[in-house]
Each structure stands twice: as structure tokens, then as C-alpha cells.
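Since the structure comes first, as C-alpha cells, the remarks are kept for the end.
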Amino acid sequence: MGEWRTKGYWLWIGLVGTCLVLLVGFNGQRLQQVELNGIMSIAHRGASSYAPENTRSAFRKGLDLGADFLECDVHLSKDGVLIIMHDETVDRTTDGKGFIKDMTLEELKRLDAGRKFGDAFEGEKIITLDEFLDEFYGKIGLIIEIKKPKLYPGIEEQVVTLLEKYDDLSNIIIQSFDVESMRKMHALLPDVQIAVLMKPSALLLSTKKIEDLTSFATYINFNISYTNKWLVDQVHKYDGKVLVWSKKDHLLIAKSYQYGVDGIITDFSKWPANDPNLLVQE
Ligand code: G3P
Ligand code: CA
């Protein structure tokens, strides 16, 4: 009973703290335009507002729009091929059903990964990480997110094997929500930049934890809703960098720019500096 009381107490503290931080982000009155010059722009799952996420079309669009990086998500098929898709099942984005881990590459390649987004994309195929690197390596920076590494034991080593085909990995970032997987990735590829993705609990991140994360990760990345200036400043203090992601919310992205982040990960990929949607609260 006492233990439950203690847990409840901490839950309330967490809830109230979260509300306060979110409120602080919305307390401005005056609007002004901001320039996004000088910070990295990352096409989230490709330019996924314009084309089906994580497909060749979305990545090509991100490249065309002038993004600095393309971000993709990676899983492992039944026959051990690294597949680019966000969810661990094919249900949401294709005409198929089932887990990627239960399907072979041949089965996955039969699926249509474009039609759900729009008729113009009918026939779009799922692509592998190998195919992604083959087309985009050297043209633009690449962020490879390992999804659910615990579902795929050994996925880190498989990513390393693919990357070893390339000499210069300075424009590649590997990221995951799984901190231990990224610690392992850093040990396997010490010269490659690592990013750790933070969950909502990041609002309670201690300086000790930030110090630990920045000991192996170049980037600590936050959802814009779970970021504040203090967190960004702390990461910078430990020589880390911060990317923030928000899919489509211009206002929050502009707000984060004010926090001094190093880049934004968004479905729009790149905005002209005079985009009227880029309004920020002060
Ligand atoms: O790069 C950050 C972002 O991709 C993490 O969220 O769910 O879109 O993979 P998610
Ligand atoms: Ca992602």
C-alpha cells in the first residue's frame, strides 16, 4: 500500500511538471517571423507530407526540396534483410497485413506501399536499406533509425555490415529510442555519429543522464512538445547537439528554433525563410 502511495505521488509530480513545461511553451502573445537559415533540416521519413513515407518517392522529394538529411526507419525481415518502414507491421502503409519480421523480402516487395497515400503513387515498392544507401549515399546526409531493436537481435551488426561498404560515414547518423542499442552501436562504429531519441519522460532528464548520453551520442533528439530551452542548453553544455521533431506543426517548430536547436526533423523538410506559416510566439 505504502509503495503504491509513493508511486502515485511521483505520478502526480510528473503530470503537474509536464503540464507546467507545456504551458510555458504557449505563454507568448506577440507573433513574429523567424528565419530557419543555419540549422539542419531533416526530411522525416522522407518528405512525407508530399509522398508516401519511407518510400523512394518521399526520399527523392526530400532531396529535391533541399533538405540536409533524409531520415528513415529500419526493421528486419524474416530472411534477415534490412527493410525501410516505420511500423513493425505493414498494415498502415501498404495493402498487406502482418509483421515485417514474419515476411520475406520477396513477400514484402509484392506489397503496394504507395496507394494508401494517393492513387498517383500506386505501385510504389517498399525499399531495403541497401537500396536506400545505393541511391542516396553521397548526395545528402542520411539518418538511419533502428526501430524496436529488441525485436531483432543482431540488427545493429547487420547495419554495420551494410555501412562497411562505404568509406566515408561522416554524413550518416544512426539513431534509436533504445539507448542501450545506441550504446552498442557506438561501440561497434565509434566514428559514426549516434543520436538518442527521447520519450516524453525526457522532460525529467537529469544533468547526470545528459552527461551519460552525450558520452557516446552526438545528438540528443526530442519531440518538440517535450523540449524546453533548459534541456537544449544542457545538451549543448556537454558538447552535444539537439534535433527536434514535429511532423507538421509550424508554430512549435519555430518555437524550438528559438530554443537554439541544431536542426528540425519534419515532414515538410524545408521551408523558405519567408513562409508565412513560420510564426513564432515570444
Ligand atoms: O527522427 C525522429 C522521429 O522519426 C522519431 O519518431 O515515430 O517518427 O520514428 P518516429
Ligand atoms: Ca523515425
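If the segment from Asp79 to Leu162 were pulled out straight at 0.36 nm per residue, it would be longer than the present Cα-Cα gap by 28.3 nm. For Lys109, the shell of other residues with beta-carbons less than 14 Å away shows a net charge of -4, using +1 for Lys and Arg and -1 for Asp and Glu. As a rough guide to protection, the peptides 171-178, 155-162, 84-91 ranked by mean Cβ packing within 10 Å, highest first, stand as 171-178, 84-91, 155-162. Net charge in the neighbourhood of Leu203 (other residues with Cβ under 13 Å of its Cβ; Lys, Arg +1, Asp, Glu -1) is +3.
Full extension of the chain between Lys101 and Asp191 yields a length gain of 29.5 nm, computed as 0.36 nm times the residue separation minus the alpha carbon distance.
Legend: calculated FRET efficiency, Glu180 to Leu204, from the Cβ-Cβ distance at R0 = 22 Å, rounded to 0.05, equals 0.70. Scalar couplings 3J(HN,Hα) for segment 86-95, obtained by applying the Karplus form with A = 6.51, B = -1.76, C = 1.60 to θ = phi - 60°, are 7, 7, 7, 10, 8, 4, 6, 9, 10, 8 Hz; x denotes Gly and Pro. Between Phe216 and Lys109, the modelled label-to-label distance comes to 3.5 nm, taking each label 7 Å out from Cα in the direction of the beta carbon. A full extension of the chain between Asp134 and Asp233 corresponds to an added length of 32.0 nm, given 0.36 nm per residue minus the alpha carbon distance.
Close amide H contacts of Trp245 (hydrogens built in the peptide plane, cut-off under 5 Å, sequence separation of 5 or more or a different chain): Phe222, Asn223, Ile224, Ile265. Counting every pair of alpha carbons in segment 60-164, the share spaced more than 16 Å apart comes to 58 percent.
Every number here is computed from the coordinates shown, using simple stated rules; none is lab data. Note that the structure is predicted; figures quoted are calculated from it, not measured. Here Cβ is always computed from backbone atoms with ideal geometry, including for glycine, and neighbour counts include all displayed protein chains.
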